[in-house]
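Report on the structure given below.
No lab work stands behind these numbers, since they all come straight from the coordinates. For clarity, every value in this text was computed on a predicted model and none was experimentally measured. Methodologically, a virtual Cβ is constructed for each residue, glycine included, from the backbone with ideal geometry; neighbour enumeration extends over all protein chains shown.
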Amino acid sequence: GENVEQHPSTLSVQEGDSAVIKCTYSDSASNYFPWYKQELGKRPQLIIDIRSNVGEKKDQRIAVTLNKTAKHFSLHITETQPEDSAVYFCATGGTSYGKLTFGQGTILTVHP
Amino acid sequence: DVKVTQSSRYLVKRTGEKVFLECVQDMDHENMFWYRQDPGLGLRLIYFSYDVKMKEKGDIPEGYSVSREKKERFSLILESASTNQTSMYLCASSPSDRGREQYFGPGTRLTVT
């Protein structure tokens, strides 16, 4: 089955810095790559996703890049703010019904 | 607005008890999922269902079973709870198409003593 590795497990940055989280996957048939944000005590929520026919997608301060050849994708957050502090999960899907395989999560802390 | 609800936010059960966790979604989604969330392990899929009465094992189905008698409701059953099943349980739903957003419930924090 699919295996998704996410790094780093924790990331600490100063407000205004950029943050990058990377994921690698094993199933070359995966074609959907979402990122979820989970704030403390809350449910995970989709913040951005990308499909395999696109190499990069941006939405204001967040962007996702995909390298299908190397089987990795990354989340980039620019001009970080304290409210960006959360756990971020990458996932892959598109091969089996609506099933997603999640990475282990990254705890992002943005210090004011 | 998509709404996924779970029957309890917190639950404490004793070892050996039968435990039912219920999930209800109001968006007419075909797919429903049960995950457990543990620190450092991410979200691990226990079971999912793509239609009423249909179910598929996920990555960690041992010790769990599921039931989907109605489209909007998906139940997770722990036949005989054990302490290693202490965890946060998250339910999610999504439309039938592949590669679609999953909508999560608020989670149930289960403690087995």
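So that you can scan it fast, the table gives a plain yes or no per residue for (1) surrounded by 14 or more Cβ atoms within 10 Å (Cβ to Cβ); (2) part of a strand (DSSP E or B); (3) not β-branched (Val, Ile, Thr):
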site	(1), (2), (3)
B:12	no, yes, no
B:16	no, no, yes
B:37	yes, yes, yes
B:40	no, no, yes
B:44	yes, yes, yes
B:76	yes, yes, yes
B:81	yes, no, yes
- Message: Can you pull out every residue in the range B:99-113 that is within 12 Å of another protein chain (Cβ to nearest Cβ) and assigned to a loop (DSSP other than H, G, I, E, B)?
- Response: B:99, B:100, B:101, B:102, B:105, B:106, B:107
- Query: For residue A:106, are the conditions met, namely being surrounded by 21 or more Cβ atoms within 10 Å (Cβ to Cβ), farther than 24 Å from residue B:23 by Cβ and within 14 Å of another protein chain (Cβ to nearest Cβ)?
  - Reply: yes
- residue B:32 being touching a residue at least 60 places away in the same chain (Cβ under 8 Å) and under 26 Å from residue A:86 (Cα atoms): yes
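Scanning the range B:19-42 for residues that are aliphatic (A, V, I, L, M) and either more than 9 Å from chain A (Cβ to nearest Cβ) or in contact with a Ser or Thr (Cβ under 9 Å, 6 or more places away or on another chain) (or both), which turns out nearest to residue A:89 (Cα to Cα)? Step through it out loud before you land on a result.
Pass one, the range B:19-42, residues aliphatic (A, V, I, L, M): B:19, B:21, B:24, B:27, B:32, B:41.
Keeping just the survivors that are either more than 9 Å from chain A (Cβ to nearest Cβ) or in contact with a Ser or Thr (Cβ under 9 Å, 6 or more places away or on another chain) (or both) gives B:19, B:21, B:24, B:27, B:32.
Working: B:19: 28, B:21: 24, B:24: 24, B:27: 24, B:32: 19 Å.
The selected residue is B:32.
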- Just for the range A:1-52: of the residues that are over 15 Å from the mean Cα position of the chain (by Cα) and not in a loop (DSSP other than H, G, I, E, B), which one is surrounded by the most Cβ atoms within 10 Å (Cβ to Cβ)? A:13
- Task: Mind counting the residues in the range A:61-86 that are in a strand (DSSP E or B) and either touching a Pro at 6+ places or on another chain (Cβ under 8 Å) or not aliphatic (A, V, I, L, M) (or both)?
- Result: 6
- Any residue at all in the range B:90-98 that is away from chain A (no Cβ under 14 Å), out of contact with any strand residue (DSSP E or B) (no Cβ under 8 Å at 6 or more places or on another chain) and not in a strand (DSSP E or B)? no
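Residue B:49 - would you say it is more than 8 Å from chain A (Cβ to nearest Cβ) and either of a type in the set (S, T, N, Q) or surrounded by fewer than 18 Cβ atoms within 10 Å (Cβ to Cβ) (or both)?
Yes, satisfied.
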- Message: When you check residue B:67 against the structure, is it of a type in the set (S, T, N, Q), surrounded by fewer than 21 Cβ atoms within 10 Å (Cβ to Cβ) and in contact with a Ser or Thr (Cβ under 6 Å, 6 or more places away or on another chain), yes or no?
- Response: yes
- Going through the range B:50-100 in order, the residues found to be polar (S, T, N, Q) and farther than 18 Å from residue B:3 by Cα are B:65, B:67, B:80, B:82, B:83, B:84, B:85, B:86, B:87
